[in-house]
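The values are calculated or read from the model by the stated rules, or taken from the named source; none is laboratory data. Just so it is clear, the model here is predicted, and its values are computed rather than measured. Ideal geometry is used to build each Cβ from the backbone, glycine not excepted, and the neighbour counts take in all protein chains shown. Ligands, DNA and RNA are stripped out before the accessible areas are found, and what is left, the full protein with its side chains, is counted by its heavy atoms. Shrake-Rupley method; radii C 1.70, N 1.55, O 1.52, S 1.80 Å.
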Amino acid sequence: MIRYGLALFLALSGTIVGALPLSDRAAAFYYGPHIPWQALSVYDFPVVEPDQAAGVPDDFRTQRFYAYVSLGEVLASRPYFKNLKPEWLLGKNPDWGSHIFDLSSPALHDFLVEQVIAPLWQQGYRGFFFDTLDSYQLVARTPEQRRQQRQGLAALINKIAQRYPRAGFIFNRGFELMPLVDAPVDAIAAESLYQRWEAGKQRYVPVPREDRQWLLDQFATMRDTYQVETIAIDYAPPNERQQAREIAGQIAGHGVIPWVTNPELDMLGLGVRE
């Protein structure tokens, strides 16, 4: 693990015939406690779980750190959950026990901007990583319901961008939102390009070729059409650093920024910078 104040840059060795040029940008996702701000500061897209800190330390406020924000659903453990109105919730995600937002509600939009985004901005975050952007699909059954939720989600993101025009944004998937948003999206991330984590069976498994190709096609469309960076978050056992390096090299060979870490994202994984 990288010690505070120390960053060792390793170039991924070798190239893949026919591969896209390697991106010169790097991303890191760290959701654990005791955030290693110094180590994360060497990355272009450092994402942290803001509930693990009181805010970005003064020494690092000149850099854009991205705060994790779940825009599609919420756990009851979040501090602001008790202030949500019941009519703003459409159902539950059975996998996580979280509550899914009704994103068509303008009142919910106002609440999330004032109670979630505004405090993070005050804490020094100048970027936001939006997760659970497809949660509405668990409860929106008809095409019209899905359209309403998708448009509501895009309107919420645009509202945040208008309120904070200097903010940067990273989406976790949300490919279908790109035609609808005016926000300055820095990157699109997605999990599991080469290796995924199956929580139910507590094991790491390879991603099927057809699933990988679908995601690569989505990434290519995002880069070509919207000129955004693309990031793949893959998983490997913490003690298998060489395997993680090999996965990172495969991801980078597609012109995608790699981040290979543990399922809890509470360790410093690796990508093109280690």
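Some points to look at:
- Residue match in segment 218-225 (condition: touching a residue at least 24 places away in the same chain (Cβ under 8 Å), closer than 16 Å to Glu191 by Cβ and of a type outside the set (A, V, I, L, M, F, W, C)): yes
- Selected residue (criterion: farthest from Gln122 (Cα to Cα)) from residues of segment 34-73 that are charged (D, E, K, R) and more than 18 Å from the chain's Cα centre (by Cα): Asp59
- Annotation: of all residues in segment 179-194 being closer than 18 Å to Ala67 by Cα and small (Gly, Ala, Ser), the one that is surrounded by the fewest Cβ atoms within 10 Å (Cβ to Cβ) is Ala190.
- Scope segment 197-252; condition surrounded by 15 or more Cβ atoms within 10 Å (Cβ to Cβ), of a type in the set (D, E, K, R) and not in a helix (DSSP H, G or I); matching residues: Glu229, Asp234
- So Leu133, is it in contact with a helix residue (DSSP H, G or I) (Cβ under 6 Å, 6 or more places away or on another chain) and either crowded, with 22+ Cβ neighbours inside 10 Å or touching a residue at least 60 places away in the same chain (Cβ under 8 Å) (or both): no
- Test for Ala76: is it surrounded by fewer than 19 Cβ atoms within 10 Å (Cβ to Cβ), at pLDDT 90 or above and not charged (D, E, K, R): yes
- Of everything listed in (1) within 18 Å of the chain's Cα centre (by Cα); (2) farther than 30 Å from Gln122 by Cβ; (3) not hydroxyl-bearing (Ser, Thr, Tyr), the single unmet condition for Arg245 is (1).
- Checking the stated criteria, Gln151 turns out to be touching a Leu at 6+ places or on another chain (Cβ under 8 Å), open to solvent by 50 Å² or more (accessible area, probe 1.4 Å), modelled with pLDDT of 95 or more and not in a loop (DSSP other than H, G, I, E, B).
- Among the residues of segment 136-148, those identified as open to solvent by 10 Å² or more (accessible area, probe 1.4 Å), within 20 Å of Glu73 (Cβ to Cβ) and either of a type outside the set (S, T, N, Q) or under 22 Å from the mean Cα position of the chain (by Cα) (or both) are Gln137, Leu138, Val139, Arg141, Arg146, Arg147.
- Counting the residues of segment 160-178 that are open to solvent by 10 Å² or more (accessible area, probe 1.4 Å), touching a helix residue (DSSP H, G or I) at 6+ places or on another chain (Cβ under 9 Å) and hydrophobic (A, V, I, L, M, F, W, C) gives 2.
- Val256 touching a residue at least 60 places away in the same chain (Cβ under 8 Å) and either surrounded by 23 or more Cβ atoms within 10 Å (Cβ to Cβ) or within 18 Å of the chain's Cα centre (by Cα) (or both): yes
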